[in-house]
Amino acid sequence: MANISEKLNEEYNIQVKEELESGYIYLAMSAWFAERTLNNLAAWFNKQAEEEFEHAMKFVNYILDTGGKVEYAELKKPKGDFNNILEILEAAYEHEKHITGRIHHLYEVANDLKEYSAFPMLNWFLDEQIEEEEQTAALIDKYKGYANDFNFDHHIKREE
Ligand code: MG
């Protein structure tokens, strides 16, 4: 496999931070739900956080496999106070759109540098972001169908 360029290495280290922060954000959301015994939503966001940490490791492993240097950055404190469920779901959706924008940016950088070895993994992330946005938007739609938070929580189940 080709060696990673300095520029893409730098961008991937930023992305490692973005993915870890995503996980951190979802852990804070999960705690908010757990504190209100909305346990299925807490589990849903906990699983989401785990996936984000896996995303971070995909970038870490790519950097290591291509002779780059991993640099972990300081993580931003996640927001822990929310007024209601909808505020959390909409924040999660907005966050996923932000991450999609980041993946598009990485794609552009790799393309400009003709760093084609980066494409297969970035393609995986493009697909993943379609799913992430879709499932978060689906939660918002579902929530709007329930008048009661516990009733909504009762109907939350993750496929995997
Ligand atoms: Mg992610």
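A few notes on this one:
- Test: residue in the stretch 149-160 that is in contact with a His (Cβ under 9 Å, 6 or more places away or on another chain) and either at pLDDT below 95 or within 19 Å of Lys47 (Cα to Cα) (or both): no
- For Ile4, the criteria (1) under 21 Å from His98 (Cβ atoms); (2) more than 11 Å from the ligand (Cβ to nearest atom); (3) buried (at least 20 other Cβ atoms within 10 Å of the Cβ) hold in every case but one, which is (1).
- Selection within the stretch 71-126 - buried (at least 18 other Cβ atoms within 10 Å of the Cβ), within 17 Å of Glu6 (Cα to Cα) and within 16 Å of the ligand (Cβ to nearest atom): Leu106
- Meets criteria (under 19 Å from the mean Cα position of the chain (by Cα) and among the acidic types (Asp, Glu)) for Glu108: no
- The criterion of at least 3 residues that are without any contact (Cβ under 8 Å) to a residue 40 or more places away in the chain is met by the following helices (runs of 4 or more DSSP H) wholly inside the stretch 43-160: 85-112, 119-144.
The values are calculated or read from the model by the stated rules, or taken from the named source; none is laboratory data. Remember, it's a predicted structure, so these values are computed and weren't measured experimentally. Positions of Cβ are generated from backbone atoms using ideal geometry, with glycine treated the same way; all protein chains shown enter the neighbour counts.
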